[in-house]
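Student: What follows is a structure written as C-alpha coordinates; I'll ask about it next.
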Ligand SMILES: Cc1ncc(COP(=O)(O)O)c(C=O)c1O
(Lines give C-alpha, C1' and ligand atoms only; values in the text may rest on other atoms or scores of the structure.)
Protein backbone atom coordinates (compact mmCIF):
# COMPACT_ATOMS: atom_id res chain seq x y z
CA UNK A 1 0.00 0.00 0.00
CA UNK A 2 1.22 3.49 -0.80
CA UNK A 3 2.17 4.99 2.63
CA UNK A 4 0.03 8.08 1.95
CA UNK A 5 -3.06 5.81 1.77
CA UNK A 6 -2.50 4.12 5.11
CA UNK A 7 -4.13 5.32 8.30
CA UNK A 8 -1.41 6.92 10.43
CA UNK A 9 -1.93 6.49 14.17
CA UNK A 10 1.61 7.04 15.40
CA UNK A 11 1.61 10.76 16.16
CA UNK A 12 3.50 10.18 19.42
CA UNK A 13 6.53 9.21 17.31
CA UNK A 14 6.18 12.17 14.98
CA UNK A 15 3.09 13.99 13.76
CA UNK A 16 1.80 13.36 10.26
CA UNK A 17 0.40 14.87 8.15
CA UNK A 18 1.64 18.36 8.88
CA UNK A 19 -0.54 21.38 8.03
CA UNK A 20 -0.19 22.44 4.35
CA UNK A 21 1.44 25.72 5.38
CA UNK A 22 4.38 23.68 6.76
CA UNK A 23 5.03 21.95 3.41
CA UNK A 24 4.64 25.29 1.60
CA UNK A 25 7.10 27.07 3.89
CA UNK A 26 9.75 24.33 3.56
CA UNK A 27 9.31 24.19 -0.23
CA UNK A 28 9.46 27.96 -0.61
CA UNK A 29 12.59 28.18 1.53
CA UNK A 30 14.32 25.39 -0.40
CA UNK A 31 13.48 26.82 -3.84
CA UNK A 32 13.67 30.54 -3.23
CA UNK A 33 16.01 31.20 -0.33
CA UNK A 34 18.33 28.35 0.69
CA UNK A 35 20.55 30.62 2.85
CA UNK A 36 22.15 29.81 6.22
CA UNK A 37 20.59 31.36 9.33
CA UNK A 38 22.39 34.37 10.89
CA UNK A 39 25.33 34.13 8.53
CA UNK A 40 24.97 37.15 6.24
CA UNK A 41 23.51 40.61 5.72
CA UNK A 42 22.03 40.13 2.25
CA UNK A 43 18.30 40.67 1.73
CA UNK A 44 17.71 36.92 1.45
CA UNK A 45 19.67 36.19 4.65
CA UNK A 46 17.86 38.90 6.57
CA UNK A 47 14.51 37.63 5.33
CA UNK A 48 15.35 34.14 6.60
CA UNK A 49 16.63 35.56 9.89
CA UNK A 50 13.29 37.31 10.37
CA UNK A 51 11.34 34.08 9.87
CA UNK A 52 13.57 32.15 12.28
CA UNK A 53 13.26 34.85 14.94
CA UNK A 54 9.48 34.88 14.41
CA UNK A 55 9.58 31.13 15.07
CA UNK A 56 11.44 31.77 18.33
CA UNK A 57 8.92 34.47 19.23
CA UNK A 58 5.99 32.17 18.47
CA UNK A 59 7.52 29.35 20.53
CA UNK A 60 8.02 31.75 23.45
CA UNK A 61 4.40 32.91 23.14
CA UNK A 62 3.08 29.36 23.02
CA UNK A 63 4.98 28.35 26.18
CA UNK A 64 4.41 31.64 28.00
CA UNK A 65 8.13 32.54 28.13
CA UNK A 66 8.95 36.17 28.95
CA UNK A 67 11.47 36.57 26.10
CA UNK A 68 12.13 34.78 22.81
CA UNK A 69 15.81 34.58 23.79
CA UNK A 70 14.92 32.01 26.46
CA UNK A 71 14.20 29.58 23.60
CA UNK A 72 17.06 27.50 22.16
CA UNK A 73 16.60 25.63 18.88
CA UNK A 74 17.75 22.02 19.04
CA UNK A 75 17.42 19.09 16.65
CA UNK A 76 14.89 17.01 18.61
CA UNK A 77 13.75 16.49 22.20
CA UNK A 78 16.64 14.07 22.84
CA UNK A 79 19.07 16.85 21.96
CA UNK A 80 17.32 19.22 24.41
CA UNK A 81 17.37 16.57 27.18
CA UNK A 82 21.05 15.78 26.63
CA UNK A 83 21.85 19.49 26.80
CA UNK A 84 20.12 19.69 30.19
CA UNK A 85 21.60 16.52 31.67
CA UNK A 86 25.18 16.77 30.41
CA UNK A 87 25.13 20.53 31.02
CA UNK A 88 24.03 20.56 34.66
CA UNK A 89 25.34 17.39 36.27
CA UNK A 90 28.82 17.19 37.78
CA UNK A 91 30.82 14.65 39.78
CA UNK A 92 28.94 13.68 42.97
CA UNK A 93 25.57 15.13 41.96
CA UNK A 94 22.39 13.16 42.57
CA UNK A 95 19.34 13.14 40.26
CA UNK A 96 15.76 12.03 40.89
CA UNK A 97 13.70 10.76 37.99
CA UNK A 98 11.05 8.07 37.39
CA UNK A 99 11.00 4.58 35.90
CA UNK A 100 8.46 5.82 33.34
CA UNK A 101 10.98 8.04 31.53
CA UNK A 102 12.02 7.71 27.93
CA UNK A 103 15.49 6.38 27.13
CA UNK A 104 16.34 9.94 26.08
CA UNK A 105 16.48 10.65 29.83
CA UNK A 106 17.52 7.24 31.19
CA UNK A 107 20.45 6.60 28.84
CA UNK A 108 22.21 9.95 29.32
CA UNK A 109 21.80 9.41 33.07
CA UNK A 110 23.35 5.91 32.89
CA UNK A 111 26.22 7.39 30.88
CA UNK A 112 26.74 10.14 33.48
CA UNK A 113 26.70 7.57 36.28
CA UNK A 114 29.54 5.77 34.53
CA UNK A 115 31.60 8.72 33.35
CA UNK A 116 31.02 11.39 36.02
CA UNK A 117 30.05 9.47 39.14
CA UNK A 118 26.57 10.99 39.13
CA UNK A 119 24.04 8.96 41.17
CA UNK A 120 20.45 8.43 40.06
CA UNK A 121 17.25 7.47 41.91
CA UNK A 122 14.36 6.30 39.73
CA UNK A 123 11.07 6.38 41.63
CA UNK A 124 8.34 3.89 40.82
CA UNK A 125 4.97 4.73 39.21
CA UNK A 126 1.47 3.28 39.65
CA UNK A 127 -0.22 0.81 37.28
CA UNK A 128 -1.09 3.51 34.72
CA UNK A 129 2.33 5.10 35.00
CA UNK A 130 1.55 8.00 37.35
CA UNK A 131 4.40 9.45 39.38
CA UNK A 132 3.58 10.20 43.04
CA UNK A 133 5.09 13.58 44.07
CA UNK A 134 5.61 12.29 47.65
CA UNK A 135 7.93 9.60 46.23
CA UNK A 136 10.00 12.30 44.55
CA UNK A 137 10.21 14.14 47.88
CA UNK A 138 11.26 10.97 49.71
CA UNK A 139 14.04 10.35 47.17
CA UNK A 140 15.71 13.77 47.64
CA UNK A 141 19.14 13.90 49.28
CA UNK A 142 21.36 16.80 50.36
CA UNK A 143 23.41 16.31 47.16
CA UNK A 144 20.38 16.21 44.83
CA UNK A 145 20.95 18.66 42.00
CA UNK A 146 18.08 17.93 39.64
CA UNK A 147 14.60 16.43 39.40
CA UNK A 148 13.67 15.47 35.83
CA UNK A 149 10.32 13.97 34.82
CA UNK A 150 8.11 13.64 31.79
CA UNK A 151 4.99 15.79 31.42
CA UNK A 152 3.07 13.02 29.62
CA UNK A 153 3.89 9.33 29.20
CA UNK A 154 4.49 8.22 25.62
CA UNK A 155 3.24 4.72 26.56
CA UNK A 156 0.00 5.24 28.49
CA UNK A 157 -0.72 8.93 27.77
CA UNK A 158 -1.02 9.73 31.49
CA UNK A 159 -0.45 13.38 32.39
CA UNK A 160 2.01 13.62 35.30
CA UNK A 161 1.40 15.90 38.29
CA UNK A 162 4.23 18.24 37.23
CA UNK A 163 2.93 21.26 39.17
CA UNK A 164 3.17 19.30 42.44
CA UNK A 165 6.52 17.76 41.50
CA UNK A 166 7.78 21.27 40.67
CA UNK A 167 6.74 22.45 44.14
CA UNK A 168 8.64 19.56 45.72
CA UNK A 169 11.78 20.46 43.74
CA UNK A 170 11.53 24.21 44.43
CA UNK A 171 10.91 23.68 48.17
CA UNK A 172 14.13 21.64 48.27
CA UNK A 173 16.10 24.19 46.22
CA UNK A 174 16.69 21.61 43.48
CA UNK A 175 16.66 22.26 39.71
CA UNK A 176 13.52 21.02 37.95
CA UNK A 177 13.43 19.86 34.32
CA UNK A 178 10.40 18.67 32.36
CA UNK A 179 10.38 16.45 29.29
CA UNK A 180 7.47 17.91 27.31
CA UNK A 181 7.96 15.66 24.24
CA UNK A 182 4.39 14.35 24.46
CA UNK A 183 2.64 17.46 25.78
CA UNK A 184 3.81 20.44 23.72
CA UNK A 185 1.13 21.11 21.11
CA UNK A 186 -1.19 18.47 22.58
CA UNK A 187 -1.98 20.14 25.91
CA UNK A 188 -2.60 23.81 26.59
CA UNK A 189 -0.06 24.74 29.27
CA UNK A 190 2.18 27.62 30.23
CA UNK A 191 5.57 27.50 31.92
CA UNK A 192 4.05 29.39 34.86
CA UNK A 193 1.79 26.39 35.55
CA UNK A 194 4.68 24.33 36.91
CA UNK A 195 7.66 26.72 36.89
CA UNK A 196 10.45 24.46 35.67
CA UNK A 197 14.05 25.58 35.26
CA UNK A 198 14.31 23.73 31.94
CA UNK A 199 11.73 22.43 29.48
CA UNK A 200 12.57 20.09 26.58
CA UNK A 201 10.26 19.77 23.56
CA UNK A 202 10.26 18.11 20.17
CA UNK A 203 9.34 20.44 17.29
CA UNK A 204 8.19 17.55 15.11
CA UNK A 205 5.54 15.92 17.34
CA UNK A 206 2.57 17.92 18.69
CA UNK A 207 4.11 21.19 17.55
CA UNK A 208 3.62 19.90 13.97
CA UNK A 209 6.99 21.04 12.61
CA UNK A 210 9.35 18.96 10.45
CA UNK A 211 11.61 16.23 11.82
CA UNK A 212 14.98 17.58 12.92
CA UNK A 213 13.49 20.34 15.08
CA UNK A 214 13.37 20.67 18.87
CA UNK A 215 13.13 23.38 21.52
CA UNK A 216 14.83 23.91 24.84
CA UNK A 217 13.49 26.58 27.18
CA UNK A 218 15.89 27.78 29.87
CA UNK A 219 14.71 29.92 32.79
CA UNK A 220 16.37 33.35 32.79
CA UNK A 221 19.74 33.17 34.56
CA UNK A 222 19.94 29.37 34.55
CA UNK A 223 21.92 29.33 31.31
CA UNK A 224 25.10 30.07 33.23
CA UNK A 225 24.68 26.82 35.22
CA UNK A 226 24.34 24.88 31.98
CA UNK A 227 27.54 24.05 30.10
CA UNK A 228 26.85 23.91 26.36
CA UNK A 229 27.17 20.44 24.80
CA UNK A 230 28.70 21.87 21.64
CA UNK A 231 30.93 24.83 21.00
CA UNK A 232 31.49 26.48 17.64
CA UNK A 233 30.48 29.17 15.21
CA UNK A 234 27.39 31.14 16.15
CA UNK A 235 27.62 33.98 13.63
CA UNK A 236 28.09 36.33 16.64
CA UNK A 237 31.12 37.57 18.66
CA UNK A 238 33.31 35.97 16.01
CA UNK A 239 36.41 37.83 17.28
CA UNK A 240 36.36 35.52 20.35
CA UNK A 241 37.71 31.98 20.38
CA UNK A 242 35.50 31.10 23.35
CA UNK A 243 31.81 30.33 23.32
CA UNK A 244 29.65 33.46 23.79
CA UNK A 245 27.56 33.48 26.98
CA UNK A 246 24.67 35.35 25.40
CA UNK A 247 21.35 33.54 24.93
CA UNK A 248 20.47 31.72 22.75
CA UNK A 249 23.87 31.67 20.95
CA UNK A 250 25.53 29.90 23.91
CA UNK A 251 23.65 26.72 22.89
CA UNK A 252 23.27 27.16 19.11
CA UNK A 253 26.63 26.37 17.58
CA UNK A 254 26.90 25.40 13.93
CA UNK A 255 24.37 25.92 11.19
CA UNK A 256 20.70 25.74 12.08
CA UNK A 257 18.22 23.38 10.47
CA UNK A 258 16.83 26.22 8.36
CA UNK A 259 14.26 24.18 6.36
CA UNK A 260 13.05 22.67 9.62
CA UNK A 261 12.76 26.01 11.38
CA UNK A 262 10.81 27.74 8.61
CA UNK A 263 8.45 24.75 8.70
CA UNK A 264 8.22 24.94 12.49
CA UNK A 265 7.48 28.67 12.26
CA UNK A 266 4.54 27.95 9.93
CA UNK A 267 3.37 25.13 12.22
CA UNK A 268 3.40 27.38 15.30
CA UNK A 269 1.41 30.00 13.38
CA UNK A 270 -1.10 27.29 12.47
CA UNK A 271 -1.33 26.10 16.10
CA UNK A 272 -2.01 29.56 17.43
CA UNK A 273 -4.84 30.01 14.92
CA UNK A 274 -6.35 26.56 15.48
CA UNK A 275 -5.86 26.75 19.26
CA UNK A 276 -4.23 23.95 21.27
CA UNK A 277 -7.32 23.63 23.55
CA UNK A 278 -9.43 22.56 20.57
CA UNK A 279 -6.79 20.06 19.40
CA UNK A 280 -6.57 18.72 22.96
CA UNK A 281 -10.36 18.27 23.18
CA UNK A 282 -10.43 16.58 19.78
CA UNK A 283 -7.63 14.10 20.60
CA UNK A 284 -9.03 13.29 24.04
CA UNK A 285 -12.51 12.66 22.61
CA UNK A 286 -11.03 10.16 20.13
CA UNK A 287 -8.98 8.41 22.85
CA UNK A 288 -12.09 8.15 25.03
CA UNK A 289 -14.12 6.76 22.14
CA UNK A 290 -11.38 4.22 21.38
CA UNK A 291 -11.12 3.08 25.01
CA UNK A 292 -14.92 2.69 25.16
CA UNK A 293 -15.01 0.64 21.95
CA UNK A 294 -12.00 -1.51 22.90
CA UNK A 295 -13.69 -2.41 26.18
CA UNK A 296 -16.37 -4.19 24.15
CA UNK A 297 -13.85 -6.41 22.34
CA UNK A 298 -12.83 -9.68 23.92
CA UNK A 299 -9.19 -10.62 24.28
CA UNK A 300 -7.79 -7.08 24.44
CA UNK A 301 -6.42 -5.33 27.53
CA UNK A 302 -6.16 -1.54 27.62
CA UNK A 303 -3.14 -0.39 29.64
CA UNK A 304 -3.92 3.32 29.57
CA UNK A 305 -6.38 4.50 32.18
CA UNK A 306 -9.60 4.18 30.17
CA UNK A 307 -11.69 6.22 32.60
CA UNK A 308 -11.94 9.52 30.70
CA UNK A 309 -14.84 10.95 32.71
CA UNK A 310 -15.02 14.73 33.07
CA UNK A 311 -13.44 14.58 36.51
CA UNK A 312 -10.60 12.51 35.09
CA UNK A 313 -9.95 14.35 31.82
CA UNK A 314 -6.95 16.28 33.10
CA UNK A 315 -5.08 12.99 33.44
CA UNK A 316 -5.08 11.78 29.81
CA UNK A 317 -4.00 12.62 26.30
CA UNK A 318 -4.67 11.02 22.92
CA UNK A 319 -2.31 8.08 23.52
CA UNK A 320 -3.76 4.60 24.14
CA UNK A 321 -1.80 1.37 24.69
CA UNK A 322 -3.27 -2.14 24.57
CA UNK A 323 -2.28 -5.80 24.30
CA UNK A 324 -3.95 -8.88 22.83
CA UNK A 325 -4.41 -12.30 24.45
CA UNK A 326 -3.88 -13.97 21.07
CA UNK A 327 -1.06 -12.07 19.37
CA UNK A 328 2.18 -10.50 20.50
CA UNK A 329 2.20 -6.74 20.07
CA UNK A 330 4.53 -7.01 17.06
CA UNK A 331 2.23 -9.57 15.41
CA UNK A 332 -0.88 -7.49 16.02
CA UNK A 333 0.70 -4.28 14.68
CA UNK A 334 1.97 -6.19 11.62
CA UNK A 335 -1.52 -7.59 10.96
CA UNK A 336 -3.06 -4.14 11.26
CA UNK A 337 -0.50 -2.71 8.87
CA UNK A 338 -0.42 -5.49 6.27
CA UNK A 339 -4.10 -6.38 6.10
CA UNK A 340 -5.82 -3.12 7.02
CA UNK A 341 -3.32 -0.38 6.17
CA UNK A 342 -3.31 0.92 9.75
CA UNK A 343 -0.02 2.21 11.17
CA UNK A 344 0.24 1.82 14.95
CA UNK A 345 3.42 1.37 16.98
CA UNK A 346 4.30 -1.89 18.72
CA UNK A 347 7.09 -2.49 21.20
CA UNK A 348 8.63 -0.80 24.20
CA UNK A 349 8.45 2.78 22.87
CA UNK A 350 11.96 3.44 24.28
CA UNK A 351 10.45 3.31 27.79
CA UNK A 352 11.40 -0.11 29.21
CA UNK A 353 10.73 0.84 32.86
CA UNK A 354 7.16 1.77 32.07
CA UNK A 355 6.58 -1.58 30.36
CA UNK A 356 8.17 -3.42 33.29
CA UNK A 357 5.66 -1.63 35.54
CA UNK A 358 2.73 -2.45 33.25
CA UNK A 359 3.82 -6.10 33.08
CA UNK A 360 4.25 -5.85 29.30
CA UNK A 361 8.06 -5.97 29.11
CA UNK A 362 8.17 -9.73 28.44
CA UNK A 363 5.27 -9.55 25.98
CA UNK A 364 7.07 -7.35 23.43
CA UNK A 365 5.41 -4.27 24.90
CA UNK A 366 2.07 -2.89 23.79
CA UNK A 367 0.39 -1.71 20.62
CA UNK A 368 0.23 2.06 20.91
CA UNK A 369 -2.26 4.28 19.10
CA UNK A 370 -1.64 8.02 19.19
CA UNK A 371 -4.07 10.50 17.66
CA UNK A 372 -3.29 13.78 15.97
CA UNK A 373 -5.08 16.89 14.77
CA UNK A 374 -6.36 15.20 11.56
CA UNK A 375 -7.55 11.97 13.22
CA UNK A 376 -11.31 11.32 13.09
CA UNK A 377 -14.00 9.11 14.63
CA UNK A 378 -14.01 7.22 11.30
CA UNK A 379 -10.35 6.32 12.02
CA UNK A 380 -11.36 4.96 15.43
CA UNK A 381 -14.14 2.90 13.81
CA UNK A 382 -11.79 1.56 11.14
CA UNK A 383 -9.25 0.49 13.77
CA UNK A 384 -11.86 -1.12 16.02
CA UNK A 385 -13.39 -2.94 13.07
CA UNK A 386 -9.96 -4.31 12.09
CA UNK A 387 -9.28 -5.39 15.68
CA UNK A 388 -12.68 -7.10 15.83
CA UNK A 389 -11.85 -9.06 12.67
CA UNK A 390 -8.41 -10.19 13.85
CA UNK A 391 -9.43 -10.86 17.46
CA UNK A 392 -12.40 -13.08 16.83
CA UNK A 393 -11.98 -16.71 15.83
CA UNK A 394 -13.14 -17.27 12.21
C1 LIG B 1 8.55 11.13 26.48
C2 LIG B 1 9.56 11.30 25.37
N3 LIG B 1 10.72 11.90 25.62
C4 LIG B 1 11.65 12.09 24.66
C5 LIG B 1 11.44 11.65 23.38
C6 LIG B 1 12.49 11.88 22.34
O7 LIG B 1 12.02 12.77 21.36
P8 LIG B 1 12.79 12.98 20.00
O9 LIG B 1 12.41 11.86 19.11
O10 LIG B 1 12.28 14.30 19.48
O11 LIG B 1 14.23 13.01 20.29
C12 LIG B 1 10.25 11.00 23.06
C13 LIG B 1 10.00 10.47 21.71
O14 LIG B 1 9.11 9.72 21.45
C15 LIG B 1 9.27 10.83 24.08
O16 LIG B 1 8.11 10.23 23.85
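The values are calculated or read from the model by the stated rules, or taken from the named source; none is laboratory data. All figures in this text were calculated on a predicted structure; none of them were measured in a lab. Don't worry about glycine lacking a Cβ; one is built from the backbone with ideal geometry, like all the others, and counts go over all protein chains shown.
Student: (1) closer than 15 Å to residue 213 by Cα; (2) touching a strand residue (DSSP E or B) at 6+ places or on another chain (Cβ under 9 Å): which one isn't true of residue 57, the others all being true?
Tutor: (1)
Student: Given the criteria in contact (Cβ under 8 Å) with a residue 24 or more places away in the chain and surrounded by fewer than 17 Cβ atoms within 10 Å (Cβ to Cβ), does residue 113 qualify?
Tutor: The answer is no for residue 113.
Student: Same structure, new question: Kindly indicate the residue of region 307-328 that is exposed (fewer than 13 other Cβ atoms within 10 Å of the Cβ) and modelled with pLDDT under 90 and also nearest to the chain's Cα centre (by Cα) among those meeting that condition.
Tutor: Among those that are exposed (fewer than 13 other Cβ atoms within 10 Å of the Cβ) and modelled with pLDDT under 90, it is 314.
Student: Okay, moving on. Out of contact with any helix residue (DSSP H, G or I) (no Cβ under 8 Å at 6 or more places or on another chain), more than 11 Å from the ligand (Cβ to nearest atom) and under 15 Å from residue 191 (Cα atoms): does that describe residue 141?
Tutor: In short, no.
Student: Of all helices (runs of 4 or more DSSP H) completely enclosed by region 260-374, which ones contain at least 3 residues that are within 24 Å of residue 149 (Cβ to Cβ) and away from the ligand (no atom under 16 Å from the Cβ)?
Tutor: Where helices (runs of 4 or more DSSP H) fall fully within region 260-374 and carry at least 3 residues being within 24 Å of residue 149 (Cβ to Cβ) and away from the ligand (no atom under 16 Å from the Cβ), they are 276-295.
Student: What's the number of the condition residue 210 fails, among (1) surrounded by fewer than 24 Cβ atoms within 10 Å (Cβ to Cβ); (2) over 23 Å from residue 19 (Cβ atoms)?
Tutor: For residue 210, the exception is condition (2).
For every residue, the table says whether it meets (1) out of contact with any helix residue (DSSP H, G or I) (no Cβ under 8 Å at 6 or more places or on another chain); (2) at pLDDT below 95; (3) in a loop (DSSP other than H, G, I, E, B); (4) farther than 21 Å from residue 283 by Cβ.
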| position | (1), (2), (3), (4) |
| --- | --- |
| 192 | yes, no, no, yes |
| 207 | no, no, yes, no |
| 210 | no, no, yes, no |
| 223 | no, no, no, yes |
| 234 | no, yes, yes, yes |
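Student: Just a yes or no: is a residue in region 163-175 within 16 Å of the ligand (Cβ to nearest atom), on the phi < 0 side of the Ramachandran plot and assigned by TED's automatic domain parsing to the domain that holds residue 58?
Tutor: Yes, some residue in region 163-175 is within 16 Å of the ligand (Cβ to nearest atom), on the phi < 0 side of the Ramachandran plot and assigned by TED's automatic domain parsing to the domain that holds residue 58.
This table checks each residue for (1) within 17 Å of residue 10 (Cβ to Cβ); (2) crowded, with 24+ Cβ neighbours inside 10 Å; (3) in contact with a helix residue (DSSP H, G or I) (Cβ under 6 Å, 6 or more places away or on another chain).
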{"site": "338", "(1), (2), (3)": "yes, no, no"}
{"site": "347", "(1), (2), (3)": "yes, no, no"}
{"site": "352", "(1), (2), (3)": "no, no, no"}
{"site": "370", "(1), (2), (3)": "yes, yes, no"}
{"site": "378", "(1), (2), (3)": "no, no, no"}
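Student: Tell me which residues, restricted to region 252-261, are in contact with a helix residue (DSSP H, G or I) (Cβ under 6 Å, 6 or more places away or on another chain) and either surrounded by fewer than 21 Cβ atoms within 10 Å (Cβ to Cβ) or over 12 Å from residue 211 (Cα atoms) (or both).
Tutor: The one that is in contact with a helix residue (DSSP H, G or I) (Cβ under 6 Å, 6 or more places away or on another chain) and either surrounded by fewer than 21 Cβ atoms within 10 Å (Cβ to Cβ) or over 12 Å from residue 211 (Cα atoms) (or both): 259.
Student: OK, next. For region 124-138, how many residues meet the condition of being at pLDDT 95 or above and more than 16 Å from the ligand (Cβ to nearest atom)?
Tutor: 8
Student: Going through region 15-50 one residue at a time, which ones are within 16 Å of the ligand (Cβ to nearest atom) and either outside any loop (DSSP other than H, G, I, E, B) or crowded, with 18+ Cβ neighbours inside 10 Å (or both)?
Tutor: Correct list: 15, 18.
Student: Can you tell me which condition residue 192 does not meet? The list is (1) within 19 Å of the chain's Cα centre (by Cα); (2) within 21 Å of residue 356 (Cβ to Cβ); (3) more than 16 Å from the ligand (Cβ to nearest atom), and all the others hold.
Tutor: It is condition (2) that residue 192 fails.
Student: If you don't mind, another one. I'm trying to understand the selection: among the residues of region 248-259, which are in a helix (DSSP H, G or I) and within 17 Å of residue 35 (Cβ to Cβ)?
Tutor: Within region 248-259, 258, 259 qualify.
Student: Sticking with this one: (1) outside the structural domain of residue 203 (by TED's automatic domain parsing); (2) in contact with a strand residue (DSSP E or B) (Cβ under 7 Å, 6 or more places away or on another chain); (3) buried (at least 18 other Cβ atoms within 10 Å of the Cβ): which one isn't true of residue 79, the others all being true?
Tutor: (1)
Student: Still on this structure: Within region 3-11, does at least one residue satisfy the condition of being in a helix (DSSP H, G or I), closer than 20 Å to residue 211 by Cβ, within 16 Å of the ligand (Cβ to nearest atom) and in contact (Cβ under 8 Å) with a residue 40 or more places away in the chain?
Tutor: Checking region 3-11: not a single residue is in a helix (DSSP H, G or I), closer than 20 Å to residue 211 by Cβ, within 16 Å of the ligand (Cβ to nearest atom) and in contact (Cβ under 8 Å) with a residue 40 or more places away in the chain.
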